[in-house]
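The structure under discussion appears below in the form of structure tokens.
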Amino acid sequence: MTLAPLTPDLSTSLVDVRGLVKEFRLPRVALRSGRPSVKAVDGIEFGIGESETYGLVGESGSGKSTVARLLVGLTTPTAGQIQVRGQDITRLRGSTLRVHRRNVQMVFQDPYSSFDPTATLADSIAEPLRTHTSMSKQAQVARVSELLGLVGLDPGYRDRFPNQLSGGQLQRAAIARALAVEPRLIVLDEPVSALDVSTQAQVINLLEDLQKKLSISYLFIAHDLSVVEHVSDRIGVMYLGQLVESGPTEAIYERPAHPYTSGLLDSIPVPDPHAQRERRALKIRGDVPPMALRPSGCSFRTRCPFAMDVCADEEPQPFVTTEAVTVRCHLHFHGPRLLGRSVRTLLSPPTVGAPDVVSAE
Ligand SMILES: Nc1ncnc2c1ncn2[C@@H]1O[C@H](COP(=O)(O)OP(=O)(O)O)[C@@H](O)[C@H]1O
Ligand code: SF4
Ligand SMILES: [Mg+2]
């Protein structure tokens, strides 16, 4: 089956996100007060190339699922553009929106709640075929068998119900359903977070194999940097609605330029206990504040061991490093003036102790 191309290929990227903002209005707190609002997504920018995986990472509440929903068209942005092959999908309506929905599919975190418990797997997997194509019943049956084989499930599973499958098997079925109409991009919103570690590895391997076979692109969302390291070509680290660091995976993992990225990486345990003891580690204190109470200036400043006076007063502007990493942190312009170097250069072994090497301006 071959689907019609979405639009003429105007851009080199499959997806190009520019200045994306999503603001939610909250309920009125008092009768006479105005309605407060939160920016769940606040001016983010990234691109995803053909056959590429972009890993989007951040703790719970950072706005990742809102980005996912914006990309698949489940919600509309307050501002900004999402170009898919050069076409701004935020302005699509009617049949062109339907074509977009076919080309960008989604896999959710919890496979059990993303399937109708009363429908067989075959019925659920064929649902996008019924919505987006005029395929005959017979062709749908054949396509479902093909898809089950593609994701490593026995075609005999077609008549099973979701509660007769394990979480890993059902997530494979969710991937089959997403693949049914040959999308160009699959948005994977924490696709392995609900699975045990060995099943996580199997599902990630499956996704990698499918990408090689089908040349599809992924937006792979996770709350843990260790999950996306091996699958992502590029990474974006989100904090309270903003991308604080983004760029090529290897540069970010080897030389994190933002304290939040460094802290997230350092929270991943190292298997060797000696290396674990000896390594320079940055500990992030506390929890993510609610979106409605976002701190002034740099939103990470209430948890950052390097915070300076300027961090409370001014939002950090982007700094682009020689490795094409974009980082938003005053440390690159003020204090130690890192100018793109890794924030790890400020850490002394075996643990943090580095805030005193940062001179506030
Ligand atoms: N429909 C909504 N109405 C109001 N606020 C919302 C809504 N959806 C998300 N938010 C806000 O956006 C924040 C980010 O949510 P989400 O995108 O689900 O983050 P993540 O997936 O990173 O956990 C939430 O903490 C919440 O404050
Ligand atoms: S801008 Fe300041 S508070 Fe924010 S991450 Fe950088 S040093 Fe820390
Ligand atoms: Mg989420």
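What value, in deg cm²/dmol to 500, does the helix sum -39500 (n - 2.57) over DSSP H runs of n ≥ 4 give at 222 nm once divided by the residues of the chain? Could the numbers behind the result be given before it?
On the way: 11 runs with 105 residues, N = 361.
Calculated at 222 nm, the ellipticity per residue is -8500 deg cm²/dmol.
Which is the longest run of the chain containing none of the trypsin sites (Lys or Arg not before Pro) found in DSSP loop states (not H, G, I, E, B) with at most 16 other C-beta atoms within 10 Å? Don't skip to the answer; put the middle values down first.
Working: sites that count: R28, R32, R93, R279, K283, R285, R337, R341.
For trypsin sites (Lys or Arg not before Pro) (loop position, at most 16 other Cβ atoms within 10 Å), the longest site-free span of the chain is 94-278.
Projected onto the charge dipole of the chain (+1 at Lys/Arg Cβ, -1 at Asp/Glu Cβ, origin at the Cα centre), which of V237, V72, V57 gives the Cα projection farthest towards the positive end? The residue sitting most towards the positive pole is V72.
For a distance above 26 Å, tell me the whole-number percent of Cα pairs in segment 247-357 that qualify. Could you put the intermediate results ahead of the total?
Details: 1037 of 6105 pairs.
Cα-Cα pairs in segment 247-357 separated by more than 26 Å: 17 percent.
In the calculated pair-distance distribution of the chain, the portion above 25 angstrom amounts to 57 percent of the Cα-Cα pairs.
Take every DSSP beta bridge whose two residues both sit in the chain; close to 60 percent of them are antiparallel.
By accessible area, using a 1.4 Å probe on protein heavy atoms only, segment 247-357 has 54% of its surface on carbon and sulfur. Accessible surface of F24, taken over heavy atoms with a 1.4 Å probe and every protein chain present, rounds to 80 Å². Rg/Rh for segment 184-308 (Cα atoms only, Rh after Kirkwood) is 0.99. With all protein chains kept in place, the per residue accessible area of segment 212-311 amounts to 43 square angstrom at a probe of 1.4 angstrom. Take every Cα pair under 8 Å whose residues are at least 6 apart in sequence, average their separation, divide by the length of segment 247-357, and the relative contact order is 33 percent. Averaging the Cα positions of each part gives two centres, and for segment 143-201 and segment 220-293 these lie 28 Å apart. Across the chain, the relative contact order, built from alpha-carbon pairs under 8 Å that are at least six residues apart, equals 17 percent. The charge dipole of the chain, taken about its Cα centre with unit charges on the Cβ of Lys, Arg, Asp and Glu (plus for the first two, minus for the last two), comes to roughly 1060 debye.
The values are calculated or read from the model by the stated rules, or taken from the named source; none is laboratory data. As the structure is a prediction and not an experimental result, all values here were calculated from the model. Cβ: placed from backbone, ideal geometry, glycine included. Neighbour counts: every protein chain shown. Ligands, DNA and RNA are stripped out before the accessible areas are found, and what is left, the full protein with its side chains, is counted by its heavy atoms. Shrake-Rupley method; radii C 1.70, N 1.55, O 1.52, S 1.80 Å.
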